[in-house]
């Protein structure tokens, strides 16, 4: 009998232990618990022929058959180190990323050295080596040449021999780096020719741009570190495009003409190696010309076409040339209201609009088929919360959805287009990996989701659709507190961004919320987020609604969300708080000042306070200049509304912020002092635009404590 009682008690304790949920911690919210990450397969790479792919696990690389799913060990750390030592190279402590072209041959990098490696012969050959100070390293696919920068100049390494391409002593002239402050889809300044024999590069002359002071407080006596920051309405930099010929050592600059402060975007080599295509955008950003230039002389050849818009044109992708017909290319534009693909020839004739409808193409994935007759692309065709992979036939423009499950997808396509590794998540599942064929048929599951958050005590997440004042549908997300009781009253933590190029609510794991917002729900807050007009992936008119009036319709839409919250019987309308960073910081303060008394607490990180203090490329796109739009700048300036401040407001800023310069929040604090308005202020010395690394946990604790203490 005693034994039976003991067994029964143990079973009861086991059941209780099994059903008891874990609680998220602030460290969990900062992803310091690696087990909370969704599953990930490291170093997924297709081989050249597309029938096999490789991935790494436990310091080993495995070869997998796409068709059968069978896998075998290709190489492990012991094998690699053995071959390294045999070739007179120091061993390594972990498996590096090896890029296999076939089952035997691969390339890899160790520090500043680049190698070719044959597994069958155990031979490791040094291909190239770089200077230790090299940055912005850009390798060429056709050979082993590498272009890079040291400080403000451009270099190239060929077979270990390094050549300096530019020789600008003035640090105000920058070569081979991103320009126009990384706007217009620009992420680098080096562009290799298809044959690997020439390098196109940006040359940015910033000597005429005013210095902006960034103070380094880590030295015994604080030191000045000037940066070039062209503020809206002021002098902008001048950019040109050079073409360097490795064989001759000569550089030719494309004759892009005047005005010199125009924007050079979508730089694309012609596949035949004779022409360069550049989209020239005027400073007003409302008139684009796609121009063709002769590579030998730099002369202008012709304008293929132009795009104009009453508000702005925003080129974000290069030209995608058809490998089977180099006289044709894909141009992606939202000229008709949504981002779609257009097929042109190199004389500027429109052959066809490839996609159309009230949805948008989010990414071009490539031409496939023996005659490149099929295009793969990502799009929101089946709902703006989703991002799916599709194919379209160039002959009849028939579109096929390839990814079968709803959600947000990342497609890794084999070189021949026959197989797709689909990594995706949705509102029901964290990241999952599956193998699909080119028709979207599920061949097998590669890796199941871990769904480890099922073990944690999280609040319920709901998606809600509201309507803007003009009838536009708006998506909102609400996370209820854990152990929610509809008979109780709860405070609200409203998280906001609200600016262009961001969509906070998606058909993805946690609906895009992340762990910090779920952590706030575990502390007893109703966590609410709404994607207002002006945010991304809803088409041109939706995003352009903020033009010349930032902080207008965005605030109106967010207040519709507040009205919805007030209609809920379990919301404590006297305890509403709002939090956001960058554009979200601007929105946080705008919401409090435009609606005094509604929000009891706010926290604004890195906020834009007055758009005249923001940079030209982004600021003038959405606000024009202070001269052409004085009313818009006046209405959006938070310095003019300080008298309206009610409630507790915490402003946070990094002292070395190069994006939203520190001057913004300092001016706001000064205005609060002048108007005798109480405000809380906290800075993170040395941090840029947001708080990264180990100090981020401090930021989270600061925000949580402020809301807990005041809300």
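This table checks each residue for (1) buried (at least 19 other Cβ atoms within 10 Å of the Cβ); (2) at pLDDT below 95.
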| residue | (1), (2) |
| --- | --- |
| 329 | yes, no |
| 333 | yes, no |
| 339 | yes, no |
| 351 | no, no |
| 358 | no, no |
| 370 | no, yes |
| 387 | yes, no |
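Quick check: anything in segment 539-558 modelled with pLDDT of 95 or more, under 27 Å from residue 708 (Cβ atoms) and in contact with a strand residue (DSSP E or B) (Cβ under 8 Å, 6 or more places away or on another chain)?
Checked segment 539-558: at least one residue is modelled with pLDDT of 95 or more, under 27 Å from residue 708 (Cβ atoms) and in contact with a strand residue (DSSP E or B) (Cβ under 8 Å, 6 or more places away or on another chain).
Consider segment 517-544. How many of its residues are assigned to a loop (DSSP other than H, G, I, E, B) and either buried (at least 21 other Cβ atoms within 10 Å of the Cβ) or under 20 Å from the mean Cα position of the chain (by Cα) (or both)?
The initial filter retains those residues of segment 517-544 that are assigned to a loop (DSSP other than H, G, I, E, B), namely 523-525, 532-539.
Retained after the next criterion (residues that are either buried (at least 21 other Cβ atoms within 10 Å of the Cβ) or under 20 Å from the mean Cα position of the chain (by Cα) (or both)): 525, 532-539.
Residues that pass the stated criteria total 9.
Which strands (runs of 3 or more DSSP E) does segment 233-339 wholly contain that include 1 or more residues that are out of contact with any strand residue (DSSP E or B) (no Cβ under 8 Å at 6 or more places or on another chain)?
325-333
Among the strands (runs of 3 or more DSSP E) confined wholly to segment 166-214, which include 3 or more residues that are more than 14 Å from residue 263 (Cβ to Cβ), at pLDDT 95 or above and outside the structural domain of residue 153 (by TED's automatic domain parsing)?
The strands (runs of 3 or more DSSP E) meeting that bar number zero.
Quick check, is residue 654 surrounded by fewer than 19 Cβ atoms within 10 Å (Cβ to Cβ) and assigned by TED's automatic domain parsing to the domain that holds residue 592?
no
Looking at segment 627-660, which of its residues are farther than 26 Å from residue 705 by Cα and either within 27 Å of the chain's Cα centre (by Cα) or free of Cβ contacts under 8 Å to residues at least 12 places away in the same chain (or both)?
628, 630, 631, 634, 636, 640, 658, 659
Quick check on segment 493-516. Is at least one of its residues assigned by TED's automatic domain parsing to the domain that holds residue 697 and over 20 Å from the mean Cα position of the chain (by Cα)?
Yes, the conditions are met somewhere in segment 493-516.
Conditions tested, residue by residue: (1) over 30 Å from the mean Cα position of the chain (by Cα); (2) within 23 Å of residue 182 (Cβ to Cβ); (3) in contact (Cβ under 8 Å) with a residue 24 or more places away in the chain.
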{"site": "261", "(1), (2), (3)": "no, yes, yes"}
{"site": "267", "(1), (2), (3)": "no, yes, yes"}
{"site": "272", "(1), (2), (3)": "yes, no, yes"}
{"site": "277", "(1), (2), (3)": "no, yes, yes"}
{"site": "297", "(1), (2), (3)": "yes, no, yes"}
{"site": "301", "(1), (2), (3)": "yes, no, yes"}
{"site": "306", "(1), (2), (3)": "no, no, no"}
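Before we move on, is residue 690 more than 22 Å from residue 26 (Cβ to Cβ), buried (at least 16 other Cβ atoms within 10 Å of the Cβ) and either without any contact (Cβ under 8 Å) to a residue 12 or more places away in the chain or in the same structural domain as residue 610 (by TED's automatic domain parsing) (or both)?
no
With respect to residue 383, determine if the residue is part of a strand (DSSP E or B), on the phi > 0 side of the Ramachandran plot and within 25 Å of the chain's Cα centre (by Cα). Lay out the reasoning, then the answer.
Values: part of a strand (DSSP E or B): no; on the phi > 0 side of the Ramachandran plot: yes; within 25 Å of the chain's Cα centre (by Cα): yes.
The answer is no for residue 383.
Identify, by number, the condition in (1) surrounded by fewer than 18 Cβ atoms within 10 Å (Cβ to Cβ); (2) in contact (Cβ under 8 Å) with a residue 60 or more places away in the chain that residue 458 doesn't meet.
Only one criterion is unmet by residue 458, namely (1).
Please find, within segment 34-53, the residue that is nearest to residue 410 (Cα to Cα) out of those that are in contact with a helix residue (DSSP H, G or I) (Cβ under 7 Å, 6 or more places away or on another chain) and surrounded by 15 or more Cβ atoms within 10 Å (Cβ to Cβ).
38
Which of (1) in contact (Cβ under 8 Å) with a residue 24 or more places away in the chain; (2) farther than 24 Å from residue 691 by Cβ; (3) part of a helix (DSSP H, G or I) is the odd one out, the single condition residue 585 does not satisfy?
(2)
One line per residue, one yes/no per condition, for (1) closer than 23 Å to residue 344 by Cα; (2) crowded, with 17+ Cβ neighbours inside 10 Å; (3) modelled with pLDDT under 95:
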{"position": "237", "(1), (2), (3)": "no, yes, no"}
{"position": "242", "(1), (2), (3)": "no, yes, no"}
{"position": "248", "(1), (2), (3)": "no, no, no"}
{"position": "252", "(1), (2), (3)": "no, yes, no"}
{"position": "282", "(1), (2), (3)": "yes, no, no"}
{"position": "294", "(1), (2), (3)": "yes, no, no"}
{"position": "307", "(1), (2), (3)": "yes, yes, no"}
{"position": "317", "(1), (2), (3)": "yes, yes, no"}
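Given 636, 582, which one is out of contact with any strand residue (DSSP E or B) (no Cβ under 8 Å at 6 or more places or on another chain) and outside the structural domain of residue 281 (by TED's automatic domain parsing)?
Answer to the check: 636.
Table: residues versus (1) under 21 Å from residue 213 (Cβ atoms); (2) in a helix (DSSP H, G or I).
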{"site": "603", "(1), (2)": "no, no"}
{"site": "612", "(1), (2)": "yes, yes"}
{"site": "619", "(1), (2)": "yes, yes"}
{"site": "632", "(1), (2)": "no, yes"}
{"site": "657", "(1), (2)": "yes, no"}
{"site": "666", "(1), (2)": "yes, yes"}
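Matching residues to (1) exposed (fewer than 14 other Cβ atoms within 10 Å of the Cβ); (2) outside the structural domain of residue 79 (by TED's automatic domain parsing); (3) modelled with pLDDT of 95 or more:
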| site | (1), (2), (3) |
| --- | --- |
| 111 | yes, no, no |
| 114 | no, no, yes |
| 121 | yes, no, yes |
| 140 | no, yes, no |
| 147 | no, yes, yes |
| 150 | no, yes, yes |
| 157 | no, yes, yes |
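Of the numbered conditions (1) closer than 19 Å to residue 707 by Cβ; (2) part of a helix (DSSP H, G or I), residue 607 satisfies every one except a single condition; which is it?
Evaluating residue 607 over (1) closer than 19 Å to residue 707 by Cβ; (2) part of a helix (DSSP H, G or I) leaves (2) as the failure.
The values are calculated or read from the model by the stated rules, or taken from the named source; none is laboratory data. All of these numbers come straight from a predicted model, not from anything done at the bench. As a convention, Cβ positions derive from the backbone with ideal geometry for all residues, glycine included, and neighbour counts pool all protein chains shown.
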